[in-house]
Amino acid sequence: MACADNGQGRANLARGSLAVVLTLVLSSCSSGADRASPSTGTSPTAIAATTTAATDEPTAPPTEEAATEAASAATETPETEETVDQPQEASLAGGSYEVTIKGTAGWADFERGGTVRILDTISEVGTTNEVNVVDLCLISGFPGAQPEAGAIWFSSNSGCDPGASAANIDLAYVEVDGQTVTVRPDEQVAATLGNNFTAGSGLAAGIYAPVSGQMSITVDEGGNLSGSVDIMGYGGAGFGQIRYQAEISGNRV
């Protein structure tokens, strides 16, 4: 009977020891799960907690200023260099033209040959009546030395006349409209006699300085010229004023 009790006691002792061992093993596993991961230094529990905190934190909405800047950036187009259209004038066919001048100077009718010259601006400084866009002159005869009916030197600048001995003097106002040049005498410089014409011949013929009116000349790219001159000239106290009026036509040479 005593042996049976001893066997039962040993069995109970063994079961108790096994229970203690299982408890220790389970406790060790639970503690290992909470220990830090070797690669990250953070335990899985801590990682889970951090991840949850990061994902649960609400994202701040964009400010109004940021939204406006984003919209502007989306709609903004690349800047391109602006091109300003410049008005284009028709090219003026400059050069020398042989012309026929037909009209009346004072009381005398005439028809005579002459030359029209269209040149680039001669004087850009020293002018008292604006810089001329181009310079133009009508030359026929030599009124100052050999007076004849219809002889004329009429130019926007004295330098346009090949035979002029005076310095380059701006004598007129010039306008250009397409292929038409209009010249108006400047009365303030008329006394220089840089521009002049005659209505007759001989020693008694007066010499007249243009003081008003205009000359208009039109040319084309084919070398054709047409125009007219209608000016009033003053010959001094003894001669007064007379009119010079004529049609002009010719071709480029």
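Since every read-out is calculated from the coordinates, none of them should be taken as a lab result. Since this is a predicted model, take the numbers as computed values, not measurements. Because the Cβ atoms are built from the backbone with ideal geometry, glycine has one as well, and the counts that use them run over all protein chains shown.
Stokes-Einstein D for the range 143-215 at 37 °C, 0.692 mPa s, Kirkwood Rh over Cα pairs, in µm²/s?
Here the translational diffusion coefficient equals 257 µm²/s.
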Query raised in the report: With each label point set 7 Å from Cα along the Cα-Cβ vector, what nm distance links Gln146 and Val125?
Result: 3.9
Report task. Provide the net charge surrounding Ala199, with neighbours chosen by a C-beta distance below 10 Å and charges set as Lys +1, Arg +1, Asp -1, Glu -1. Result -> 0
Report summary line: For the range 95-252, the Cα convex hull volume per residue in Å³ comes to 92
Query raised in the report: Using the 10 angstrom Cβ neighbour count as an exposure proxy, how do Met232, Met215 rank, fewest first?
Result: Met232, Met215
Query raised in the report: For labels at Gln188 and Asp230 in the simple 7 Å Cα→Cβ model, what's the distance in nm?
Result: 2.6
